[in-house]
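Below: the structure, in structure tokens.
The values are calculated or read from the model by the stated rules, or taken from the named source; none is laboratory data. Owing to the predicted nature of the structure, the values given are computational and were not obtained by experimental measurement. Glycine also receives a Cβ, built like all others from the backbone with ideal geometry; neighbour counts cover every protein chain displayed. To get the accessible areas, we keep the full protein, side chains included, count just its heavy atoms, and leave off ligands, DNA and RNA. Shrake-Rupley method; radii C 1.70, N 1.55, O 1.52, S 1.80 Å.
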Amino acid sequence: MIYRFTNDYSCFAHEKIIKRLLDIGYEQNIGYGLDRHTENATRLIKEKMDYERCDIHFLVGGTQTNMVMISSALKNFEAVICVDSGHINVHETGAIEGVGHKCLVTKGIAGKITVDEIKNVCKLHADCHMVKPKMVYISNSTEVGTIYRKSELIEINKTCKDLGLYLYMDGARLGSALSSIDNDITLNDLANLTDAFYIGGTKHGNFMGEALVLINDELKKEFRYNIKHHGAMLSKGYACSIGYEVLFEDDLFFEIGRHENECANYLETELKNLGFKFYSNSSTNQIFPIFKDKLINEIKEDYGFEIIERLNNEESVIRFCTSFDTKIDTCKNFILYIKTKI
């Protein structure tokens with residue numbers, strides 16, 4: 001049977017979350033996120049953050065979370081700044097533009113936005129004949145597996161404050177980012193250095209769900225109205241938050257991140273030892289080796305992966321993504337398999 005390194009949500013959920021869902025399968029709960037599980041998950045996350053003055057909302061997926069968040073924060077003439085590889089620009093089918101907000105795109109460096117780019121975008125959009133920049137969107141980890149350092153986040157935060165911009169972090173793979181060996185950011189840092197961010201669950205062992213954390217008081221006003229307006233308020237709201245109870249009642253959230261990263265780092269190290277080059281330097285659960293097209297065609301029947309970019313007539317960038325369910329033995333077997341193909 002084919003093994004999929006295609007993404008980190010091919011498997012339903014971590015076994016501890018599945019067990020919890022089975023345990024409470026016939027339990028009755030209040031709907032629309034007003035239940036005891038949502039209340040408990042909110043409390044647990046705030047404790048891990050060591051930050052109380054925030055609102056937390058549980059939504060189904062990343063695209064929905066980004067769309068609801070950005071549409072709620074911005075006026076209809078305001079826009080969001082992001083790098084060209086940003087999820088809201090590439091993989092959300094125009095959801096942000098669909099609710100009336102332009103994505104102002106910069107090139108970035110290794111998937112990360114720079115302070116100079118933010119300043120330049122604002123200079124270029126300085127009168128009422130253009131959309132007005134009001135938010136900076138970043139991903140951590142980025143779409144190419146890199147992470148923001150605390151010094152970078154501090155600098156971006158200061159620039160946003162100086163320019164009157166909100167700073168919003170997409171945390172679809174935040175667990176992997178915060179568990180990276182190169183990371184120096186904590187959940188508490190995010191509470192102090194962003195206006196809003198979300199803690200990804202769908203790509204981190206939960207069967208679905210993202211925990212959106214609102215820090216800036218301006219963003220909290222009437223937010224549930226906007227959730228409902230966009231059809232994002234689940235009647236069974238506890239369906240998302242139950243998984244977060246399990247992830248945050250002990251160290252499971254970070255254990256999963258460390259495991260994902262260890263598997264990905266093993267693959268990257270062994271492939272580098274075999275002479276493969278990489279598109280980006282990643283210490284998270286996404287790695288981007290460069291393979292010959294001939295090799296890609298030979299292995300695609302046995303292993304799943306994504307082809308990201310064709311580099312030339314002979315080579316392409318592919319993505320391997322490890323998950324909570326990835327076994328280190330699977331990674332070792334893959335390396336042995338590759339050795340038979342080169």
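Heavy-atom surface analysis with a 1.4 Å probe gives segment 218-334 a carbon and sulfur content of 45 percent of its accessible area.
By its C-alpha gyration tensor, with a ≥ b ≥ c as the square roots of the eigenvalues, how is segment 1-143 shaped: rounded for a/c under 1.5, else prolate for a/b larger than b/c, else oblate? Because a/c hits 1.5 or more and a/b exceeds b/c, segment 1-143 counts as prolate.
Given R0 = 22 Å, the distance between the Cβ atoms of HIS125 and ASP84 translates into a calculated FRET efficiency of 0.85.
Each residue, GLU52 and CYS11, gets one label point 7 Å from its Cα in the Cβ direction; the gap between the two is 3.8 nm.
Simple spin-label estimate for GLU314 and GLU97 gives 3.7 nm between the two label positions (7 Å along the Cα-to-Cβ direction from each Cα). For Rg and Dmax of the Cα atoms in Å, computed directly from the structure shown, the correct entry in (i) 20.3, 61; (ii) 23.8, 79; (iii) 19.2, 62 is (i). Here, P(r) means the percent of Cα pairs in each 10 Å bin from 0 to the largest distance; for segment 191-342 it is 9, 30, 26, 21, 12, 2. Considering helices alone, the calculated mean residue ellipticity of the chain at 222 nm is -12000 deg cm²/dmol, with DSSP H runs of length four and up weighted by -39500 (n - 2.57) and normalised per residue.
Note on LYS221 and LYS161: their simple-model spin labels are 2.2 nm apart, each label 7 Å out from Cα toward Cβ. Within segment 1-122, what whole-number % of the accessible surface is contributed by carbon and sulfur, with the 1.4 Å probe and all protein chains included in the calculation? Solvent-exposed carbon and sulfur of segment 1-122 make up 53 percent of the total. Bridge orientation summary for the chain: considering DSSP beta bridges with both residues in this region, about 55 percent are antiparallel.
Ranked by the mean number of other Cβ atoms within 10 Å of their residues, highest first, the peptides 135-146, 48-59 come out as 135-146, 48-59. Just to be sure I understand: of the beta bridges DSSP finds with both ends in segment 117-276, what percent are antiparallel, rounded to 5? Here the share of antiparallel DSSP bridges comes out near 40 percent. Packing here is the average count of other Cβ atoms within 10 Å per residue, and on that basis the peptides 311-317, 253-259, highest first, run 253-259, 311-317. Counted residue by residue at 0.36 nm each, then reduced by the alpha carbon distance between them, the extension gain from LEU22 to ASN192 reaches 57.5 nm. Taking every protein chain into account, the accessible area of the chain amounts to 46 square angstrom per residue (probe 1.4 Å). Segment 282-342 and segment 104-173 have Cα centres spaced 31 Å apart.
Loop-only GluC sites (Glu not before Pro) in segment 79-124, please: DSSP not H, G, I, E or B, and at most 10 other Cβ atoms within 10 Å.
Passing both the DSSP loop test and the Cβ count: no residue.
Taking all protein chains together and rolling a 1.4 Å probe, ASP162 ends up with roughly 110 Å² accessible.
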